[in-house]
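Only one structure is covered here, and it is reproduced in the block below.
The values are calculated or read from the model by the stated rules, or taken from the named source; none is laboratory data. Just so we're clear, the structure is a prediction, and the values are computed from it rather than from any experiment. Here the Cβ positions follow ideal geometry from the backbone for every residue, glycine too, while neighbour counts run over all protein chains shown. These accessible areas exclude ligands, DNA and RNA; they are computed on the full protein's heavy atoms, side chains included. Shrake-Rupley method; radii C 1.70, N 1.55, O 1.52, S 1.80 Å.
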Amino acid sequence: MTMMSFSFLPDPMDLLLVSLLLSAFGALASLLAKGNDGVATWVAGLPGALAGLAGLAAGLPALTSPASVFETAGPYPFAHFILRLDPLSALLVAVISLLALVSWIYSLAYVREYRGRGVPAMGFFMNLFVASMILVVVADNAFWFLVFFEMMSLTSYFVVIFDQDEEAVRAGFLYFLVAHAGSVLIMAAFFIMANYAGSYDFADFRTATLPAPLASLVFLLGFLGFGAKAGMIPLHIWLPRAHPAAPSHASALMSGVMIKIGVFGIVKVAIDLLGASPNALWWGLLVLAFGAVSSVLGVVYALAEHDIKKLLAYHSVENIGIILLGVGVGMIGMATGNPALAVLGLMAGFYHLINHAVFKGLLFLGAGSVIFRMHTKDMEKMGGLGRTMPWTALSFLIGAMAISAIPPLNGFVSEWYTYQSLFLAALGGTPFVKFATPIAAMMLALTGALAVMCFVKAYGVIFAGPSRHPDPSHGAPEEAPRPMLIGMGILAAACIVLGIAAPVVAPVVGTIASRTLGAAPVAFADGALLIPAGEGQAVLSTPLIAVLLIGMAVLPVVIKAMLSGGNTLARRKGEAPWAAGYLPDVHMSATAGSFAQPIRMFFGPLYDVRRSLASVWTGLEVRFERFVTFARRTEPLWDRHIVDPVTEGVDKAGRRLQPIQGGDFRVYCLYIVAALVVLLALTVR
Amino acid sequence: MPDLSHIILAVCQALLLLAVAPLVSGYSRVLRAKMHTRRGPGLLQDYRDLVKLMGRQDMHPPASGMVFRVMPVVMMATLLVISTGTPILTRFSPIQAAGDLITTIYLFALARFFFSLSGIDSGSSFAGIGASRELTLGVLVEPVMMLALIMAALLAGSTDLGTIGTAIAAGHVHSLTATVVAAVAFAFAVYIELGKLPYDMAEAEQELQEGPLTEYSGPSLALVKWSLSLKQVLVVGWFAGVFLPFGSSTDLSVTGILLGLVVFALKIAVAFLVVGVIENSVSRARFRFTPQHSWIGVGVASLAFVFYLVGL
């Protein structure tokens, strides 16, 4: 297996620290540039982009090298400040840095939309947000992990409420609530582990052996806590509200990478930290079940959306589900003592984690470009944008095909590995696994078909067909500015490369999986062939499929050219589409609502589930509000009974003493003389 | 990686399917005329139609864009790629790296993606509805296909279409009942994929003016029509390659492949005879009731699953 060589670069850990310092510098510089939005954009964006580059340079070589550690004393004896760059955290560092780099490039033009609405603050919070995400994944001490986790939630909260309208504030509040409920569960999990490990260092957590029931409890706490961050159903409710409220380049970061930290946390707790404790089969099955349900429901809800960013946010729920399918199989493999299966499952999950970050980032940036020009998130008011925004349209199309798992793009490769891991699990294994995994595969197929429908709708309604803008005099929008196109272009290229170059990428991802599990490496590629677990099970070659597709496309072109005899009349713009003799109207063409209508009809019961889930959350919100009102009402009681009497007493005493202080200095002299006499009398006696 | 002889076989197989596709759709038209007791067009009518369309003007609506123009090429290219990976003349996939069951299903999704997108891109309301229906059918059918094929794959121990076919031909399956039931479920799904009555939803001629095809004309229309008949031959070949592989060649010998060709021609003739009888004796199902039909498919596939689990 040939590995990429990065020996010309400095030590990854140094680069990581450089990246963090650059982010901190960008945050401060952005604040200092207060009052000048143009300058703030650049002094936040450039250091941010450089931090992204440094992070990539730190993460990529660390993917396959041994773990490196950075350690200094913390403020408290239990809080050793330890950063650890192992393959798992390097994977996250690389993904976060790539997305940060692209988002910062994109932001150079995009934040023009937010001029005069606090651009310096946005630069500050975004830089801190990126830095805190990197710190969370490399922190190797529970105390610091929680501190950075909290910092990540807080900074992203300020980005969510950036618009300051009622919807954003409400979304932000819900996000705040769920994020903290999650961190409480995570905290509990870590406290239990610390109790057994005798310290808060993850290094001690890894070697601690918990009794089986307690290990299960820690797993459950961690799974639910991090699951809320990842946005899996039914803990997803904040996600489709919070992500669309943020500015688009922040949505790309939140949906692309922040929710991955939830998945990272689940892997960290279940596989990395609890590795020495007995793990039960039902953990993996639970993750598998949550993954399958999240993937199907996520995409079903996405289909019904008109709001482009909400649609994308629901797709994040779906893709988290797909990642969890892989992780679940990995855990099943671990529990059943089948390391090859564990590596395959985890590798599929990691591969999809990378891919989802890339294409979801791309799609959010594409949506941002459209919103930048159209000033609306409602797809029903778009249409036909592909004619004047061809590059945005092309990038969005690549992203749409990648997320729909269309071969030979990257989404397909990771889903193929996910299927193969499910298949391998079904082949051998306990009856329960045999029962669960084919059903999960079927649900993944359903998800895939629904995703195709959803993205045909999204691309079609935004970029294809006639313009549906309610104001006909609204001119066709211009192409997005260059920095935004560059940002999207990088991610679109990544979608293609991660798909076609899969025979090179898959072994690297496989190494990360096997190193995380501490298992023997598994071969994932043989030349240009991708193999899941031996060539007998299946083979795939995305480069070959790409070549075949291009080669076969020559045939219809040649047939057309030959048979039509070079018809010079060919290619003519015709009349408006035929509408059964009626005058064609823009409103006759497919809309976001009409296109998904059959699915809304056929999958009606699933939408009812959402309604009842939403009512649970609304109930929680109402109860929380009642609690706040109660607190507000009880708060004066303290004043009335404790604070008020004291202040009143002091006040009264003061007023009584007022006559003494008459303002006549002769009286004051008399006081001094009297005092002297008293003191003399006391000392003489 | 495949060697040269496999690549030659793959290309020949793809070209062969492309060449006979209009013949097969002509055969369907002849059958329909017979059942209507009218004379109808000859067996080669579809070739004449294609040639005639090729000479016509290629028009596209003013609202259409890039996708509308590239779709005919993308669709045909995709179907040709699937043809290179499906075991049709031989027991094994000519190009194994494209002949995995998951790859095949998702390559069909590529064709479906562009086919439906072109419907929206044309701006026509009929095409838009057709596109929506095409994708809805995909949603209803793909899970059935996946479950049925995975059952067969589990029985054979591999997701490679050729390996599954080989195992079934050799009788190396752990459960005969499960295989047969999975075959029935897959046949049902394939029938819906054919786009024939009663499931002629997306291109519904009388109802939607041929759905996504509405706005195509001239050479582009010819390519799409050709691709649709290629798809019909291909899905039947796919079914035969997996569940009825008997008679196909087990090696690369010329005689074996020629024999495989003859057997394949017979299979196609019988399959489309059955399809023709069904298609001409039913009316179109109402679109809003199709889920009830596809649930039958899910039910049958689940039955295969139960048989597999029990090990019957």
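Just a few scattered comments:
- Only a single criterion out of (1) more than 14 Å from every other protein chain (Cβ to nearest Cβ); (2) farther than 30 Å from B:P61 by Cβ; (3) in contact with a Phe, Trp or Tyr (Cβ under 9 Å, 6 or more places away or on another chain); (4) at pLDDT 85 or above is not satisfied by B:F305, namely (1).
- On inspection, B:V139 qualifies as surrounded by 24 or more Cβ atoms within 10 Å (Cβ to Cβ) and within 9 Å of chain A (Cβ to nearest Cβ).
- Segment A:111-135 residues that are open to solvent by less than 40 Å² (accessible area, probe 1.4 Å), paired with ones that are in a loop (DSSP other than H, G, I, E, B) (beta carbon under 6 Å, 6 or more apart): A:P120/A:A33; A:P120/A:K34
- Among residues of segment A:394-416, those that are crowded, with 24+ Cβ neighbours inside 10 Å and at the interface with chain B (Cβ under 10 Å from one of its Cβ atoms), counted: 12
- Considering segment A:384-393, and only residues there that are more than 7 Å from every other protein chain (Cβ to nearest Cβ) and not in a loop (DSSP other than H, G, I, E, B), the residue that is most open to solvent (accessible area, probe 1.4 Å) turns out to be A:W391.
- Which numbered condition A:H236 fails, given (1) assigned to a helix (DSSP H, G or I); (2) open to solvent by less than 10 Å² (accessible area, probe 1.4 Å); (3) closer than 30 Å to A:W104 by Cα: (1)
- Qualifying residue in segment A:480-492 (condition: part of a loop (DSSP other than H, G, I, E, B), modelled with pLDDT under 90 and either touching an Asp or Glu at 6+ places or on another chain (Cβ under 6 Å) or closer than 30 Å to A:A576 by Cα (or both)): yes
- Annotation note: of A:I462, A:I490, the sole residue that is under 22 Å from the mean Cα position of the chain (by Cα), assigned by TED's automatic domain parsing to the domain that holds A:P543 and not aromatic (F, W, Y) is A:I490.
- The set of residues in segment A:277-325 that are closer than 24 Å to A:F205 by Cβ and not aliphatic (A, V, I, L, M) comprises A:S277, A:P278, A:N279, A:W282, A:W283, A:G284, A:F290.
- Condition check for B:L110 on (1) of a type in the set (A, V, I, L, M, F, W, C); (2) facing chain A (nearest Cβ under 7 Å); (3) outside any helix (DSSP H, G or I): one failure, at (3).
- Matching entry among B:T250, B:T290 (being hydroxyl-bearing (S, T, Y) and open to solvent by 60 Å² or more (accessible area, probe 1.4 Å)): B:T250
Residues are listed down the side, and each one gets a yes or a no for (1) aromatic (F, W, Y); (2) open to solvent by 10 Å² or more (accessible area, probe 1.4 Å); (3) within 30 Å of A:L88 (Cβ to Cβ); (4) part of a helix (DSSP H, G or I):
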site	(1), (2), (3), (4)
A:A451	no, no, yes, yes
A:K457	no, no, no, yes
A:I462	no, no, no, yes
A:V504	no, yes, yes, yes
A:A513	no, no, yes, yes
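- All of A:A596, A:A580 fail the test of being open to solvent by less than 80 Å² (accessible area, probe 1.4 Å), over 29 Å from the mean Cα position of the chain (by Cα) and either within 10 Å of chain B (Cβ to nearest Cβ) or among the aromatic types (F, W, Y) (or both), apart from A:A580.
- Residue satisfying condition, being open to solvent by 10 Å² or more (accessible area, probe 1.4 Å), in contact (Cβ under 8 Å) with a residue 24 or more places away in the chain and part of a helix (DSSP H, G or I), within set A:K260, A:K310: A:K310
- Residue within segment A:367-383 that is within 12 Å of chain B (Cβ to nearest Cβ), of a type in the set (V, I, T), in contact (Cβ under 8 Å) with a residue 24 or more places away in the chain and more than 30 Å from A:A538 (Cβ to Cβ) present: no
- Residue check, B:S93 more than 8 Å from chain A (Cβ to nearest Cβ) and either touching a Leu at 6+ places or on another chain (Cβ under 7 Å) or buried (at least 24 other Cβ atoms within 10 Å of the Cβ) (or both): yes
- The residue list A:A445, A:A402 contains one member that is outside the structural domain of A:H243 (by TED's automatic domain parsing), closer than 24 Å to A:G487 by Cβ and at pLDDT 90 or above, which is A:A402.
- When residues of segment B:116-132 are limited to those that are more than 7 Å from chain A (Cβ to nearest Cβ) and over 16 Å from A:H587 (Cβ atoms), the one surrounded by the most Cβ atoms within 10 Å (Cβ to Cβ): B:G119
- Pairs are defined by a Cβ separation below 7 Å, a sequence spacing of at least 6 or placement on different chains, a first member in segment A:579-598 that is within 17 Å of B:T214 (Cβ to Cβ), and a second member that is modelled with pLDDT under 75 and part of a helix (DSSP H, G or I); the pairs so defined are A:A579/A:M588.
- For segment A:45-74, residues that are more than 20 Å from A:D11 (Cα to Cα) and at pLDDT below 90 total 2.
- Scanning segment A:602-632 for residues that are in contact (Cβ under 8 Å) with a residue 12 or more places away in the chain, more than 28 Å from B:G138 (Cα to Cα) and among the aromatic types (F, W, Y) yields A:W617, A:F624.
- Just so you know, in segment B:48-67 the residues that are more than 7 Å from chain A (Cβ to nearest Cβ) and part of a loop (DSSP other than H, G, I, E, B) include one that is nearest to A:P466 (Cα to Cα), and it is B:S64.
- Within segment A:560-577, restricting attention to residues that are more than 7 Å from chain B (Cβ to nearest Cβ) and open to solvent by less than 100 Å² (accessible area, probe 1.4 Å), the residue that is modelled with the lowest pLDDT is A:G566.
- Considering residues of segment A:423-455 that are at the interface with chain B (Cβ under 8 Å from one of its Cβ atoms) and of a type outside the set (A, V, I, L, M, F, W, C) only, the residue farthest from A:A405 (Cα to Cα): A:P431
- For segment B:3-28, the tally of residues that are under 16 Å from B:I257 (Cβ atoms) and among the small types (G, A, S) stands at 4.
- Selection status of A:A525, surrounded by fewer than 17 Cβ atoms within 10 Å (Cβ to Cβ) and either in contact with a Phe, Trp or Tyr (Cβ under 7 Å, 6 or more places away or on another chain) or not charged (D, E, K, R) (or both): no
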